[in-house]
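Read the structure below first, then the notes.
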Amino acid sequence: MDMRLIDEYVASGARLRQAVAGLSPQDVTARPGPGKWSILELVVHLADSDAIAIDRMKRVLTEENPPLLYADEDAYVERLFSHEQSLEDALVLIEVGRRQFARTLRKLPDQAFERVGTHNRRGPVTVAGLIKGYIDHVEHHLKFLYDKRARLGMG
């Protein structure tokens, strides 16, 4: 396992924090597009997703081929009061969760990263694939976040 991937996984939290720097409460709850979510909803979604991701990886590491269930991201945003959440708390959850779990990841033998769980929609996934996927997930949403910033005149 390339440990630089784990470093990148941890660094995603700081990249997200940097992307929201200087935004007002009004900015983070506006919905300028692209997409239907506000910046706050996007960051809370990433915090929710990270909690699920860490649980998935822990279960793949400790169980034999565990089932990994789909989480409906739109339902989370629509029904769990994302605009009542704290941007700062969501950022801290992402940063601390990734930093804490990275301590475990760095101790694992290489073969642990090939352990498999079965996602009920995507099929078999490895720990290495999950790490890469959750790096890509933040990068995917950062593109939307920066587009939203530009539409708010916050370049």
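Some points to look at:
- Selected from 129, 91, 49, residue furthest toward positive end of dipole (the chain; charges at beta carbon): 129
- log₁₀ of I(q)/I(0) at q = 0.15, 0.24 Å⁻¹ - the range 65-155, Debye sum with one point per alpha carbon: -0.84, -1.36
- Where N is the number of residues in the range 54-93, Cα Rg divided by 2.2 N^0.38 Å: 1.56
- Only alpha carbons enter this Debye calculation for the range 115-155, each as an equal point scatterer, and the log10 of I(q)/I(0) it gives at q = 0.26, 0.28, 0.29 Å⁻¹ is -0.82, -0.88, -0.91.
- Mean separation of Cα contacts under 8 Å (6+ apart) over length of the chain, as relative contact order %: 39 percent
- Each Lys and Arg adds +1 at its Cβ and each Asp and Glu adds -1 at its Cβ; summed about the Cα centre, the chain shows a dipole of about 280 debye.
- Nonlocal Lys pairs with alpha-carbon distance under 20 Å, the range 30-152 (8 or more apart, or different chains): 6
- Annotation: per residue accessible area for the chain equals 54 Å², rounded to a whole number [probe 1.4 Å, protein chains only].
- Taking the C-alpha atoms of the range 1-82, convex hull volume expressed per residue in Å³: 119 Å³
- Total charge dipole magnitude, the range 13-99, about the Cα centre, Cβ charges on Lys, Arg, Asp, Glu only, Debye to nearest 20: 300 debye
- Taking the charge dipole of the range 68-144 about its Cα centre, with +1 at Lys and Arg Cβ atoms and -1 at Asp and Glu Cβ atoms, the residue from 100, 81, 113 reaching farthest to the positive side is 113.
- Over 23 Å [Cα-Cα, the chain], rounded percent: 39 percent
- Here the chain exposes an accessible surface that is 53 percent carbon and sulfur, computed with a 1.4 Å probe and the other protein chains kept in place.
- Whole-Hz Karplus values for the range 142-155 come out as 4, 4, 5, 4, 5, 5, 5, 4, 4, 5, 8, x, 9, x Hz, taken residue by residue from phi with 6.51 cos²θ - 1.76 cosθ + 1.60 and θ = phi - 60°; glycine and proline positions read x.
- Pairs of alpha carbons in the range 94-139 whose separation is greater than 12 Å (percent): 68 percent
- Based on DSSP H segments of at least four residues, each scored -39500 (n - 2.57), the chain has a per-residue ellipticity at 222 nm of -21500 deg cm²/dmol.
- Counting only heavy atoms of the protein chains and using a 1.4 Å probe, residue 106 has close to 110 Å² of accessible surface.
- Spin-label pair residue 118-residue 147: with each label point 7 Å from Cα along the Cα-Cβ axis, the two points sit 3.6 nm from one another.
- Per DSSP, loop trypsin sites (Lys or Arg not before Pro) in the range 1-35 with at most 11 further Cβ within 10 Å: none
The values are calculated or read from the model by the stated rules, or taken from the named source; none is laboratory data. Worth saying up front: this structure is predicted, and the values here are computed from it rather than measured. Please note: Cβ atoms are built from the backbone with ideal geometry, for glycine as well, and neighbour counts cover all protein chains shown. These accessible areas exclude ligands, DNA and RNA; they are computed on the full protein's heavy atoms, side chains included. Shrake-Rupley method; radii C 1.70, N 1.55, O 1.52, S 1.80 Å.
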